[in-house]
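Q: Sending over a structure as structure tokens; questions will come in a sec.
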Amino acid sequence: MVTAPIQPRSVVSRLPGRRYDHWFFTGMSIVMLATVFAGFAPTYFLAGMTRAHLASPILHVHGAAFTAWVVLLIVQSVLVASHRIKIHQWLGFGTFALGAFMVVLGVLAATDSMVRHLAENRVASEEFYIVSLSDMMVFAVLLTFAYRARRRAAEHKRLIYVATTTLMGAAIFRLPMSWVHARMHVVCLLMYCFLAILMAYDYWSTRRVNRATLWASVFLIVVEETRMPLATTAAWHAFAAWAAHL
């Protein structure tokens, strides 16, 4: 009797997959909220929020809406983690409405800030205007695609994550640390750390970077790295002057 050779059983590695998504996205949402608090604590949160002496009333609405977005990000992550999907979906429509409102508020607040600082340094004010407007553009684009991908959970949550990363720039810019405060190149590098962490998690959990993570991150970085050269052009200064006179 001839016994057939026993074929070695292939060892299939068990990847984490989406098993730890709830922990990762909830944890990173908390990190984002902590970053926002640290950046705006002196001028907004610790100043009493509604009682804070801000330069314009629109900034109060702007601050409340953007804070609510990051808080809702945590709430939505917790709802998914606790399998309360129906509540998550119902609240999601309100969250997207808030996101659309934030784009409008962001443009208004940026324009208001530019107008207030024109007398101090017109060129610098008009050039810095592109920072907030480009952030709102990236946020709006990613939010739109996140809404379209709302039934594809893996893509949806990553697009929301990268969209929120766009908002981190304003908070990081104001961190009370000399090596960070108001240094745009450092601000961008710290923003990119949020993207790198997401890519690392993707690779660790599935051995590949999710396509939504990849294209959204590339989109954000390209906009961040090309906006300042664009801000120095005559066309941009003409646009900023037109916006200031609206």
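The values are calculated or read from the model by the stated rules, or taken from the named source; none is laboratory data. Since the model is a prediction, treat every value here as computed from it, not as a measurement. So basically every Cβ, Gly included, is an ideal-geometry build from the backbone, and we count neighbours across all protein chains shown.
Q: Among the numbered criteria (1) over 22 Å from S29 (Cβ atoms); (2) free of Cβ contacts under 8 Å to residues at least 12 places away in the same chain; (3) within 22 Å of the chain's Cα centre (by Cα), which single criterion is violated by H245?
A: Of (1) over 22 Å from S29 (Cβ atoms); (2) free of Cβ contacts under 8 Å to residues at least 12 places away in the same chain; (3) within 22 Å of the chain's Cα centre (by Cα), only one is false for H245: (3).
Q: Okay, next question. Considering only residues that are charged (D, E, K, R), in a loop (DSSP other than H, G, I, E, B) and either under 21 Å from L142 (Cα atoms) or touching a helix residue (DSSP H, G or I) at 6+ places or on another chain (Cβ under 8 Å) (or both), which ones fall in region 190-246?
A: Residue satisfying the conditions is R208 alone.
Q: Looking at (1) surrounded by fewer than 20 Cβ atoms within 10 Å (Cβ to Cβ); (2) within 23 Å of L79 (Cβ to Cβ); (3) in contact with a helix residue (DSSP H, G or I) (Cβ under 6 Å, 6 or more places away or on another chain), can you tell me which one V180 breaks?
A: So V180 meets the others, but not (2).
Q: Take the residues in region 150-189 that are assigned to a loop (DSSP other than H, G, I, E, B) and hydrophobic (A, V, I, L, M, F, W, C); name whichever of them is modelled with the highest pLDDT.
A: In this case the residue turns out to be L175.
Q: Still on this structure, I have one more. Consider only pairs whose beta carbons are under 7 Å apart and that are at least six residues apart or on different chains; among these, list those whose first residue lies in region 176-200 and is farther than 30 Å from R18 by Cβ and whose second residue is surrounded by 13 or more Cβ atoms within 10 Å (Cβ to Cβ) and among the small types (G, A, S).
A: As it stands, the answer is V187/G169, since those pairs meet every condition given.
Q: Criterion first (closer than 22 Å to F194 by Cα, in a helix (DSSP H, G or I) and touching a helix residue (DSSP H, G or I) at 6+ places or on another chain (Cβ under 7 Å)) does L33 satisfy it?
A: The answer is yes for L33.
Q: Which condition breaks for V36 when tested against (1) crowded, with 16+ Cβ neighbours inside 10 Å; (2) in contact (Cβ under 8 Å) with a residue 60 or more places away in the chain; (3) over 19 Å from Y161 (Cβ atoms)?
A: (3)
Q: Go through the residues of region 217-239 one by one and say whether even a single one is under 24 Å from A68 (Cα atoms) and polar (S, T, N, Q).
A: Scanning region 217-239 turns up at least one residue that is under 24 Å from A68 (Cα atoms) and polar (S, T, N, Q).
Q: Here's a follow-up. Identify all residues within region 146-165 that are within 21 Å of Y192 (Cα to Cα) and surrounded by fewer than 19 Cβ atoms within 10 Å (Cβ to Cβ); write none if there are none.
A: Correct list: A154, H156.
Condition check ((1) buried (at least 16 other Cβ atoms within 10 Å of the Cβ); (2) aliphatic (A, V, I, L, M); (3) in contact with a strand residue (DSSP E or B) (Cβ under 9 Å, 6 or more places away or on another chain)) across all residues:
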position	(1), (2), (3)
L175	yes, yes, no
L190	yes, yes, no
A196	no, yes, no
R208	no, no, no
T213	yes, no, no
V218	no, yes, no
I221	no, yes, no
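Q: Give region 208-246 a look and list any residue that's of a type in the set (V, I, T) and either in contact with a Phe, Trp or Tyr (Cβ under 7 Å, 6 or more places away or on another chain) or over 17 Å from S134 (Cβ atoms) (or both), or say none.
A: Across region 208-246, the qualifying residues are V209, T213, I221.
Q: Within region 51-76, track down each residue that is assigned to a helix (DSSP H, G or I) and without any contact (Cβ under 8 Å) to a residue 12 or more places away in the chain.
A: R51, P57, H60
Q: Is it true that Y44 is aromatic (F, W, Y), farther than 26 Å from W215 by Cα and under 21 Å from the mean Cα position of the chain (by Cα)?
A: yes
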